[in-house]
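Notes follow once the structure below has been shown.
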Amino acid sequence: MHIPGSSALRGRYAGATVAAVICMTMFTVPGPAPAGRQPHSASAPPLDWKSCREAEGFDCATAKVPLDYRSPRERTIELAVVKRKATGPGRRIGTLFFNPGGPGGPGTKELPLWYKLFPREVRERFDIVSWDPRGVGDSTPVRCFASPEEAAKWQERIPAGFPVGERQRQTWTEAYAELGRRCEQRDAQLLRHVSTADTARDLDRLRQAVGDPQLTYLGISYGTFLGATYANLFPGRVRAMVLDGNATPSSWVDGGSRSEPRLGTFLRVGSDLGSAATLKQFLTLCGRATAERCPFSAGTPGATLTKFHELMGRIQKQPQGTWTYGKTIHNVVTRLYFQTEWDGLATALQDLWQRRTPADEAPPTDTALYAVLCPESPNPRDPRSYEQQERTAVARSGDTAHEWAWVPEPCATWPATAAHPYTGPWNRPTAHPILLVNPTYDPATPYSAAQAMARELADARLLTLNSYGHTALLNPSSCVSAYESRYFIDGVLPSSGTTCQPDTTPFTGPKPREGLHTGGGALARVRKPTPRA
């Protein structure tokens with residue numbers, strides 16, 4: 001699921017004691033698929049792998065798939081696919097498919113950046129494959145502008161983070177209404193066929209193309225909704241599935257109702273609540289630390305919280321350089337995603353407090369997000385309703401809620417509706433159980449959403465990471481890596497109620513590692529992300 005701001009979680013970073021007894025839930029020979037009508041399954045697309053030009057050590061291919069799986073002999077589109085071969089030693093098991101979230105995360109760009117975040121044993125035993133979902137990146141894309149210059153000119157109109165005041169709200173709503181019109185004019189047919197269900201069917205075609213009888217999959221953030229969709233469209237084809245940073249399916253599709261909901265997608269998911277809880281933890285840990293370890297510390301958690309509210313009030317009244325209130329809150333939410341960014345967030349806030357202007361960052365708008373989100377996830381159709389949603393969210397969640405309330409506003413005027421979305425049921429029995437992972441303080445996909453996902457899926461086990469940040473993959477825990485490795489390789493689930501600890505805690509330095517290790521959890525810095533879920 002998308003996190004405020006626009007473009008993808010362009011990766012940033014990639015184990016602790018295993019105290020619980022592991023329950024022996026092993027893989028078995030696949031049986032017949034559970035009852036329920038399966039979607040049309042056409043022949044697998046051939047994959048002609050060649051060395052990637054821009055990612056050393058990776059292979060690239062292009063797959064052709066139907067635009068509309070109900071009319072497979074009509075228009076086709078292309079999917080850009082990337083692979084890193086299993087490194088060995090040991091017997092190769094198969095292919096692990098990875099979706100980096102979004103909607104709209106381009107896997108061909110993000111897998112090479114995040115590859116070292118995967119546990120070593122998983123890299124040894126599996127080819128790891130990702131792809132640009134339909135409508136995204138180097139696959140057949142949703143293009144709304146004739147040139148980068150035209151897109152940049154449109155982008156200049158958008159207030160950073162979210163609109164503040166009547167004038168910015170009008171500019172925002174008019175600009176996004178124009179965006180929808182531009183996208184529809186360039187390819188109205190494609191806009192109706194970029195839903196999560198369409199992508200899940202593409203994923204099943206790619207599974208067939210690599211020759212795996214069942215799917216092995218890791219999805220983070222929005223990729224958890226994609227995984228849940230696949231598991232319920234193709235329940236008999238699930239070999240192993242890890243969903244990390246969970247977006248509850250019923251919240252995403254609003255229970256399958258096409259009636260107009262009162263709240264937008266991310267307020268239904270609870271992203272504003274997750275950000276508020278994580279921000280409180282950031283300020284608490286900062287306040288317990290010295291100013292040397294956390295520059296924004298005011299000496300105690302309470303004093304640091306008060307300092308933050310005073311700073312936000314000041315920025316609201318008087319922006320500091322290019323740092324408006326909207327841009328500042330966007331920066332806060334973005335950096336809460338990654339524990340490795342908490343030091344930088346503390347420094348930026350302290351700079352603002354001392355009336356120094358931090359380095360400027362202006363993320364571009366991600367049109368792929370809206371192309372997937374708006375046609376399948378109901379949102380209020382009256383642009384004026386988002387101001388009231390904002391007030392409701394801020395009353396329950398505070399400063400960070402402003403952005404979450406406005407992220408789905410472009411859906412109010414989006415021109416397309418998904419032709420064949422999947423809206424449930426979500427409890428079809430799968431061939432093998434699913435492993436859910438979630439930090440307790442996740443600013444985009446709150447822990448409560450993972451608990452709800454565990455209830456909604458037919459057979460899922462929740463592994464808790466007692467830590468902070470968006471997804472366990474991007475916030476290191478060798479404990480989580482160890483459990484994921486055993487699950488992917490041998491089908492062994494952690495026992496019910498298992499909790500992992502992180503490798504480090506913000507503002508305190510690294511912790512010693514102990515217990516079960518698989519080589520996972522190495523900290524790998526990659527390029528700066530702009531968050532999404």
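Structure notes:
- Working note: Karplus 6.51/-1.76/1.60 with θ = phi - 60° gives the range 290-300 the couplings 6, 5, 5, 7, 10, x, 8, 4, 9, x, 9 Hz, where Gly and Pro are set to x.
- Close amide H partners of Leu436, meaning residues 5 or more places away or on another chain with modelled amide H under 5 Å apart, are Leu243, Arg461, Leu462, Leu463.
- Efficiency of FRET from Cβ geometry, Arg73 and Trp49, R₀ 35 Å, rounded to 0.05: 0.85
- Take the range 230-364 with all the other protein chains still there, run a 1.4 Å probe, and you get 36 Å² of accessible area per residue.
- Fully extended contour minus Cα-Cα distance, from Lys64 to Thr505, at 0.36 nm per residue: 154.2 nm
- Beta bridges from DSSP with both residues in the chain: antiparallel share about 40 percent, rounded to the nearest 5.
- Spin-label model distance (nm) - Lys317 vs Asp490, 7 Å beyond Cα toward Cβ: 6.2 nm
- For the range 425-434, 3J(HN,Hα) computed residue by residue from phi via the Karplus equation (6.51, -1.76, 1.60; θ = phi - 60°) reads x, 10, 10, 6, x, 9, 4, 9, x, 10 Hz, glycine and proline entered as x.
- Applying 0.36 nm per residue to the separation of Ser147 and Gln451 and subtracting their alpha-carbon distance, the gain on full extension is 105.1 nm.
- Sulfur and carbon atoms: percent of accessible area, the chain [1.4 Å]: 49 percent
- Where labels lie 7 Å past Cα in the beta-carbon direction, separation of Arg181 and Thr392 in nm: 2.9 nm
- Dipole in debye (nearest 20) - the chain, about Cα centre, beta carbon charges: Lys, Arg +1; Asp, Glu -1: 400 debye
- Members of Lys109/Lys280; Lys153/Lys280; Lys280/Lys317; Lys109/Lys307; Lys64/Lys85; Lys50/Lys116 lying beyond 29 Å, as alpha-carbon distances in this model show: Lys109/Lys280; Lys153/Lys280; Lys109/Lys307
- Square roots of 5 times each gyration tensor eigenvalue, C-alpha, the range 112-176, largest first, Å: 38, 17, 9
- Here the translational diffusion coefficient of the chain follows from Stokes-Einstein with Rh set to the Kirkwood radius across Cα pairs; for 37 °C and 0.692 mPa s it amounts to 141 µm²/s.
- Separation in nanometres of the label points that stand 7 Å from Cα toward Cβ, at Thr300 and Ala458: 5.5 nm
The values are calculated or read from the model by the stated rules, or taken from the named source; none is laboratory data. In this text the structure is predicted, and so the values were computed from the model without any measurement. Here Cβ is always computed from backbone atoms with ideal geometry, including for glycine, and neighbour counts include all displayed protein chains. Areas reflect the complete protein model, heavy atoms only, side chains present, ligands, DNA and RNA absent. Shrake-Rupley method; radii C 1.70, N 1.55, O 1.52, S 1.80 Å.
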